[in-house]
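I have placed the structure first, in the form of structure tokens, so that the comments after it can refer back to it.
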Amino acid sequence: MASSGSGYDLSSSTFSPDGRIFQVEYAAKAVENAGSALGLKCRDGVVLCVEKPIPNKMLLPNSSRRIHTVDTHSGVAVTGFVSDGRQVINRAREEAANYFETYGSKIPPTVLADRMGSYVHYFTLHGSLRPFGATSLLASYDPETNDASLHMIEPSGVSHSYFGCAAGKGRQPAKTEMEKLALHKPAAEENITVREGIRQLARMVHAFHDDGKDKP
């Protein structure tokens with residue numbers, strides 16, 4: 001059984017003998033080495049937060065956005081290769097616009113997440129393409145159900161809904177901290193608010209931030 005990528009990491013369409021697709025794993029590794037992206041589903045909305053390293057002191061802080069608007073009811077935070085993430089965001093905007101043009105209503109969060117996941121997954125099926133080296137956190141509001149939701153789309157194309165999720169370098173410690181928060185209590189009023197969620201995510205990002213990343 002091959003435990004390394006020797007010969008099996010040349011194409012994203014090739015499985016190794018032990019059932020792994022190394023190109024997808026390499027894309028996930030690129031995300032793990034990038035700045036953290038965090039999301040919380042609170043009782044009155046969803047909060048997204050990203051760590052944006054400044055590798056050069058001459059760089060304008062607002063010139064590299066990592067949180068983008070998809071539609072009036074949804075937004076996306078990306079980490080990993082930001083340029084790859086922009087392509088996923090552009091696709092999400094197209095899906096939202098096409099759905100509204102066809103059905104006359106806003107695209108439901110689950111439908112948008114599934115379509116984004118399908119688009120990302122397509123790039124893992126062909127040898128002439130490479131997987132996206134970015135993970136997207138989708139925050140969206142469904143006007144039909146009056147409920148907000150949080151989804152994460154991984155480089156493999158897998159999409160799940162979460163109460164709280166994290167991607168990037170601080171993923172594991174962030175998940176540990178999120179599990180301590182009141183996010184899925186039986187009574188909705190017991191869960192934290194967006195205002196409290198902002199404070200908690202800011203605390204996590206500050207605690208996990210690596211000052212070495214900001215050195216030119």
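The values are calculated or read from the model by the stated rules, or taken from the named source; none is laboratory data. Computed from a prediction, not measured in an experiment: that's the story for all the values here. Note that each Cβ is placed from the backbone with ideal geometry, even for glycine, and that neighbours are counted across all protein chains shown. Protein only, heavy atoms only, side chains kept; ligands, DNA and RNA dropped before computing areas. Shrake-Rupley method; radii C 1.70, N 1.55, O 1.52, S 1.80 Å.
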*farther than 30 Å from residue 126 by Cα, touching a His at 6+ places or on another chain (Cβ under 9 Å), crowded, with 16+ Cβ neighbours inside 10 Å and charged (D, E, K, R): does that describe residue 41?*
yes
*Extreme residue, farthest from the chain's Cα centre (by Cα), among residues of segment 115-172 that are charged (D, E, K, R) and buried (at least 21 other Cβ atoms within 10 Å of the Cβ)*: 169
*Test residue 175 against the criterion of being open to solvent by 20 Å² or more (accessible area, probe 1.4 Å) and assigned to a loop (DSSP other than H, G, I, E, B), and give yes or no.*
no
*residue 36: within 19 Å of residue 159 (Cα to Cα), among the hydroxyl-bearing types (Ser, Thr, Tyr) and touching a residue at least 60 places away in the same chain (Cβ under 8 Å), yes or no?*
yes
*Which condition number does residue 57 fail, the rest of (1) open to solvent by less than 40 Å² (accessible area, probe 1.4 Å); (2) in contact (Cβ under 8 Å) with a residue 40 or more places away in the chain being met?*
(1)
*Are there any pairs, at least 6 apart or on different chains, whose C-beta atoms fall under 8 Å, with the first in segment 103-124 and over 20 Å from residue 84 (Cβ atoms) and the second among the hydrophobic types (A, V, I, L, M, F, W, C) and open to solvent by 40 Å² or more (accessible area, probe 1.4 Å), and if so, which?*
106/100; 107/100
*asked:* residue 180 - would you say it is at pLDDT 90 or above and surrounded by fewer than 11 Cβ atoms within 10 Å (Cβ to Cβ)?
replied: yes
*Please list, ordered by first then second residue, the pairs with beta carbon atoms under 7 Å, 6 or more apart or interchain, first in segment 173-185 and closer than 15 Å to residue 43 by Cα, second surrounded by fewer than 12 Cβ atoms within 10 Å (Cβ to Cβ) and at pLDDT below 90.*
182/190
_Looking at segment 183-192, can you tell me whether even one residue there is within 29 Å of residue 120 (Cα to Cα) and at pLDDT 95 or above?_
no
_Residues (touching a Leu at 6+ places or on another chain (Cβ under 7 Å) and of a type in the set (Gly, Ala, Ser)) located in segment 13-60_ = 13, 37, 39
*Residue satisfying condition, being modelled with pLDDT of 95 or more and closer than 27 Å to residue 164 by Cα, within set 24, 70*: 70
*Could you say whether any residue in segment 138-152 is touching a residue at least 60 places away in the same chain (Cβ under 8 Å), within 26 Å of residue 25 (Cβ to Cβ), small (Gly, Ala, Ser) and not in a helix (DSSP H, G or I)?*
no
*Kindly establish whether residue 31 is open to solvent by less than 20 Å² (accessible area, probe 1.4 Å), touching a residue at least 40 places away in the same chain (Cβ under 8 Å), outside any strand (DSSP E or B) and among the β-branched types (Val, Ile, Thr).*
yes
*Among what's in segment 60-78 and is touching a Lys or Arg at 6+ places or on another chain (Cβ under 7 Å) and more than 16 Å from residue 141 (Cβ to Cβ), pick the residue that is surrounded by the most Cβ atoms within 10 Å (Cβ to Cβ).*
78
